[in-house]
Amino acid sequence: MDDRFEEWKPPEIIEGVPTKYNWIVQGVDGLKLGYKTDIGAFSYINAQCEVEIEDYVQIGSHCSIYSVSTIDGKKGKVRLKKNSRIGSHSTIMPGVTIGENAVVGAHSFVNKDIPDSVVAFGSPVKIIKKVED
């Protein structure tokens, strides 16, 4: 894992302004970004009620991560644990934790916690199987 981004540096993150990788954060003070994370272009992170992205997390392009939902008023910290991977075009709702080494398939709607070391996908998300070593 360490050689994936040999000279990785955290990007400059400014409220509502695309990073050099073209993803945006709202509520910058609530974002905790881990080491050697990879967030795809055109992703949106609403960290008003805290989003923690641990080390080596990969997030595909066009993903949305919400710590606040304006539709139903739900709020809660979102946590993406170490080495989790989120497929492109997925949506993660408030209060959700994605487990360590978990894989969420593309176009998934994640409205519940995902345990460590599983593959999950769908709308709404369903756990499909354990991750093979």
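The values are calculated or read from the model by the stated rules, or taken from the named source; none is laboratory data. Predicted, not measured: the structure shown is a model, and the values here were computed from it. Glycine gets a Cβ as well: all are built from the backbone with ideal geometry, and neighbour counts include every protein chain shown.
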Inset, instruction - Restrict the check to region 100-107 and report whether at least one residue is among the polar types (S, T, N, Q), at positive phi, free of Cβ contacts under 8 Å to residues at least 60 places away in the same chain and out of contact with any helix residue (DSSP H, G or I) (no Cβ under 6 Å at 6 or more places or on another chain). - result: yes
Inset, instruction - Take the residues in region 106-133 that are within 18 Å of residue 43 (Cα to Cα) and surrounded by 21 or more Cβ atoms within 10 Å (Cβ to Cβ), then tell me which one is nearest to the chain's Cα centre (by Cα). - result: 110
Legend entry - Matching residues in region 24-66 - criterion: being in contact (Cβ under 8 Å) with a residue 40 or more places away in the chain, at negative phi and among the small types (Gly, Ala, Ser): 34, 40, 60
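Within region 88-116, how many residues are among the small types (Gly, Ala, Ser) and out of contact with any strand residue (DSSP E or B) (no Cβ under 6 Å at 6 or more places or on another chain)?
As a first pass, look at region 88-116 and keep what is among the small types (Gly, Ala, Ser): 88, 90, 95, 99, 102, 105-106, 108.
Those still in the list that are out of contact with any strand residue (DSSP E or B) (no Cβ under 6 Å at 6 or more places or on another chain) too: 88, 95, 106.
Residues in region 88-116 being among the small types (Gly, Ala, Ser) and out of contact with any strand residue (DSSP E or B) (no Cβ under 6 Å at 6 or more places or on another chain): 3 in total.
Quick check on residue 69: is it touching a residue at least 12 places away in the same chain (Cβ under 8 Å), surrounded by fewer than 17 Cβ atoms within 10 Å (Cβ to Cβ) and touching a His at 6+ places or on another chain (Cβ under 8 Å)?
Details: touching a residue at least 12 places away in the same chain (Cβ under 8 Å): yes; surrounded by fewer than 17 Cβ atoms within 10 Å (Cβ to Cβ): yes; touching a His at 6+ places or on another chain (Cβ under 8 Å): no.
For residue 69, the condition - touching a residue at least 12 places away in the same chain (Cβ under 8 Å), surrounded by fewer than 17 Cβ atoms within 10 Å (Cβ to Cβ) and touching a His at 6+ places or on another chain (Cβ under 8 Å) - is not met.
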Inset, instruction - Pick out the one residue from 71, 65 that is among the hydrophobic types (A, V, I, L, M, F, W, C) and either under 15 Å from residue 47 (Cα atoms) or in a strand (DSSP E or B) (or both). - result: 65
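Tell me the residue from 21, 56 that is in a loop (DSSP other than H, G, I, E, B) and within 21 Å of residue 101 (Cα to Cα), please. Steps first, please.
Values: 21 fails: within 21 Å of residue 101 (Cα to Cα).
Residue meeting the stated conditions: 56.
If you go through region 43-53 one residue at a time, do you hit one that is within 22 Å of residue 130 (Cβ to Cβ) and in a loop (DSSP other than H, G, I, E, B)? Even if it seems obvious, please write down each step before you answer.
Residues of region 43-53 that are within 22 Å of residue 130 (Cβ to Cβ), as a first pass: none.
Within region 43-53, not a single residue is within 22 Å of residue 130 (Cβ to Cβ) and in a loop (DSSP other than H, G, I, E, B).
Among the residues of region 74-87 satisfying the criterion of being touching a strand residue (DSSP E or B) at 6+ places or on another chain (Cβ under 9 Å) and in a loop (DSSP other than H, G, I, E, B), which is nearest to residue 30 (Cα to Cα)? Walk me through how you get there before you give the answer.
At the first step, the residues of region 74-87 found to be touching a strand residue (DSSP E or B) at 6+ places or on another chain (Cβ under 9 Å) are 74-81, 83-87.
This time we only want the ones that are in a loop (DSSP other than H, G, I, E, B), so: 74, 76-77, 81, 83-84, 87.
On the way: 74: 16, 76: 11, 77: 9, 81: 16, 83: 21, 84: 20, 87: 23 Å.
Ranking the candidates gives 77 first.
Here is a check on your reading of the model: is residue 2 within 24 Å of residue 132 (Cα to Cα), part of a loop (DSSP other than H, G, I, E, B) and modelled with pLDDT under 95? Before the answer, list the steps.
On the way: within 24 Å of residue 132 (Cα to Cα): yes; part of a loop (DSSP other than H, G, I, E, B): yes; modelled with pLDDT under 95: yes.
Yes: the conditions hold for residue 2.
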